[in-house]
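The values are calculated or read from the model by the stated rules, or taken from the named source; none is laboratory data. These figures come from a predicted structure and were not determined experimentally. Cβ atoms come from the backbone with ideal geometry, glycine included; neighbour counts cover every protein chain shown. With ligands, DNA and RNA removed, areas are computed over all heavy atoms of the protein, side chains included. Shrake-Rupley method; radii C 1.70, N 1.55, O 1.52, S 1.80 Å.
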Amino acid sequence: LLYCSRGDVGDAALRQAATGTPDQGLAQGDWQAAQWRLFLKPRFASADWTIVALQPRDVGRAAVAGIARASLGVAVLTILLAALLSVVQLRRSLRPIEQLIDGTNRVRNGQFDQPVQVDRGDEFGQLAESFNGMAKRLAFQIDSLRSLSAIDAQILSRDDIERVVVAAQARLLQIAHLPVVGILVMDRDSQASGTLYVRAAVAQPMTALRVPVEAERLAEFRPDVEGLWFDPTTVDSPTFIGPIFGMHAARCFVVPVRQRGELKAAIVLGVRADAIPDAEILRHAQALGDRVAIAIAATNREEQLIYQAHHDPLTGLPNRLLLLDRLGLEIAHARREKTRLAVMFIDLDRFKSVNDVSGHATGDLLLRIVGERMRACVRESDSVARLGGDEFVVLLSAVQGTRAVAEVAAQILRVVARPMTLDGKEVSVGASIGIAVSPADGDDPGTLLKHADIAMYRAKDAGRGCFVFFEGKMNEEVVERGNLERELRLAVHRQQLSVVYQPRVCMVSGQMRSVEALVRWSHPEFGVVHPARFIPIAEDIGVIAVSYTHLRAHETDSYLVCRLLL
């Protein structure tokens with residue numbers, strides 16, 4: 001035994017603990033023992049040493065209890081620390097998620113001006129940056145759709161082309177921050193020139209300039225070209241972009257606008273020296289250009305429909321609708337200026353025979369030539385209209401007197417009567433003209449046309465190929481004839497017609513050979529109407545039929561021709 005830290009432990013007890021046979025005290029559990037063997041024989045040729053450690057059990061229990069208490073505290077502290085770290089980390093993760101959710105709700109409600117603020121360099125910061133970029137682009141696209149929709153509404157409401165151009169320019173100036181924007185609209189009938197609408201700011205008015213367009217420059221805008229850059233320092237810049245360079249623009253980007261392969265317009269973007277419009281702006285400029293082209297087509301279509309509604313499709317002359325409109329304006333002007341105007345109602349003579357002999361195609365060609373001849377006989381301020389068929393009307397404004405009107409009418413008769421060659425055949429027609437002068441013969445379009453028409457029929461009755469001025473008694477005769485026609489159609493049913501017989505006697509033998517049946521019309525208001533008055537009217541309106549009756553008298557066959565009022 002080399003050493004013992006306590007003297008109350010006997011040597012025998014220590015030896016028993018070292019040899020593994022503890023004494024009674026150790027067996028009763030008062031001590032805790034542990035031993036280690038130190039292997040010395042290979043190095044020192046000595047027996048092994050046994051190291052024995054003894055500790056009272058109550059001391060060990062106290063140490064274990066302290067360790068248990070300390071372990072519990074450490075476990076509780078560890079759990080609390082883990083919970084705190086979890087809350088902090090969850091809060092750190094949930095905060096940007098909440099911000100992204102709020103940003104999504106704002107985007108859903110159409111609020112794009114409040115970006116998500118996540119100042120972090122992790123994946124949440126990248127997600128917020130991507131979300132803000134998406135919201136910005138979505139705001140641009142929705143704003144673009146709204147502007148295009150507003151322009152579409154202007155087109156559908158048939159706004160003037162300049163209003164559509166103003167809206168397109170304002171949109172480009174607003175989103176692209178350009179110093180100047182120009183829109184070139186090609187002329188409808190020629191691509192050698194156009195109108196350039198220039199605008200430098202949204203608050204400034206638009207300026208319209210007439211500019212030439214070189215044909216060789218148009219060839220550069222091929223269908224596969226989406227746009228071309230032009231520099232003012234180069235000598236080959238188109239003439240129509242010259243005004244753009246004078247408004248603080250260093251370069252120009254021209255976006256062609258086509259419709260059915262034909263250049264209709266061009267969007268001219270004036271940019272600064274170091275500025276390049278991005279692809280989104282260029283695509284939007286192309287969309288705006290397409291709207292301008294649609295507005296141009298709609299305007300052209302509207303003008304075409306208006307022209308077709310107001311002009312005769314065969315001769316291109318004004319029709320009845322446009323004639324009445326012009327006649328109303330001229331009457332108001334004449335009333336204000338205290339001048340006179342004349343209306344000539346012209347009907348062609350022998351036109352039906354041309355259609356019957358040569359065909360309707362030849363008749364249509366004749367009408368076109370006659371319309372051109374009449375137009376050449378009057379002034380630019382006068383109007384020549386075709387009402388339909390072979391009826392024309394000439395409106396003479398601010399006439400000096402009936403003599404001047406008669407000279408124009410005589411010239412029209414001479415020019416229309418000239419022979420013309422149609423399909424290898426020489427054809428000629430005449431004309432009958434009735435003339436009414438305002439305000440003496442009427443002060444409204446309907447009255448003037450009616451009186452000119454009455455005078456025209458009087459010209460036909462006078463032998464055709466002449467002109468007749470309207471007189472008041474003509475209207476009375478027309479009214480009387482209309483009344484006779486109306487009453488004559490009802491005379492048979494009202495039993496107002498009667499038959500009288502006039503004998504026909506042979507002057508040699510003195511015998512009655514036959515009788516002539518004559519009709520008489522006794523009207524309660526007109527009295528006895530002479531046959532010379534109503535028989536021609538009956539023939540004109542088709543209420544007389546011819547009947548052939550076979551008679552046999554004195555062994556001689558004869559036929560009695562009767563004209564019967566139906």
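Some observations on this one:
- One equal scatterer on each Cα of the chain, no solvent, Debye formula: the resulting log10 I(q)/I(0) at q = 0.06, 0.08 Å⁻¹ is -0.69, -0.89.
- Amide H contacts of GLN35 (H built 1.01 Å from N, under 5 Å, at least 5 apart or other chain): ALA53
- Gap separating the Cα centres of the stretch 33-54 and the stretch 261-286, nearest whole Å: 98 Å
- At full extension, GLN114 and MET507 could sit 129.2 nm farther apart than now, given 0.36 nm per residue minus the alpha carbon distance.
- Amide H contacts of GLY430 (H built 1.01 Å from N, under 5 Å, at least 5 apart or other chain): ASP349
- The mean accessible area for residues of the chain, using a 1.4 Å probe and ignoring ligands and nucleic acids, is 60 Å² per residue.
- Near VAL213, the amide H atoms lying under 5 Å from its own belong to SER193, GLY194; only residues 5 or more places off or on other chains count, and H is placed 1.01 Å from N.
- Share of carbon and sulfur in the accessible area of the stretch 234-357 stands at 56%, probe radius 1.4 Å.
- Cα gyration tensor, the stretch 82-202 - rounded (a/c under 1.5), prolate or oblate: prolate
- Proximal lysines relative to LYS338, as straight alpha-carbon distance under 27 Å, when same-chain residues fewer than 8 apart are discounted: LYS450, LYS473
- Whole-Hz couplings from phi, Karplus 6.51/-1.76/1.60, listed for the stretch 425-442; x for Gly and Pro: 10, 8, 10, 9, 9, x, 8, 10, 10, x, 10, 10, 10, 9, x, 5, 9, x
- Across the stretch 391-397, computed HN-Hα scalar couplings (Karplus, 6.51 cos²θ - 1.76 cosθ + 1.60, θ = phi - 60°) run 9, 10, 10, 10, 10, 9, 9 Hz from first to last residue, x flagging Gly and Pro.
- Cα shape, the stretch 23-96, gyration tensor, a/c 1.5 rule: oblate
- Efficiency of FRET from Cβ geometry, LEU84 and ILE142, R₀ 51 Å, rounded to 0.05: 0.70
- Inter-site label distance for ALA410 and TRP229 at 7 Å from Cα along Cβ, in nm: 7.6 nm
- Computed E for MET206/ARG368 - FRET, C-beta separation, R0 30 angstrom, nearest 0.05: 0.10
- Rounded, prolate or oblate (a/c below 1.5 giving rounded, otherwise prolate when a/b exceeds b/c) for the stretch 383-423 by Cα gyration tensor: oblate
- Report summary: the helix-based calculation at 222 nm, which adds -39500 (n - 2.57) for every DSSP H run with n ≥ 4 and divides by the residues of the chain, gives -15500 deg cm²/dmol.
- For the pair the stretch 384-421 and the stretch 288-332, the centres of their Cα atoms are 25 angstrom apart.
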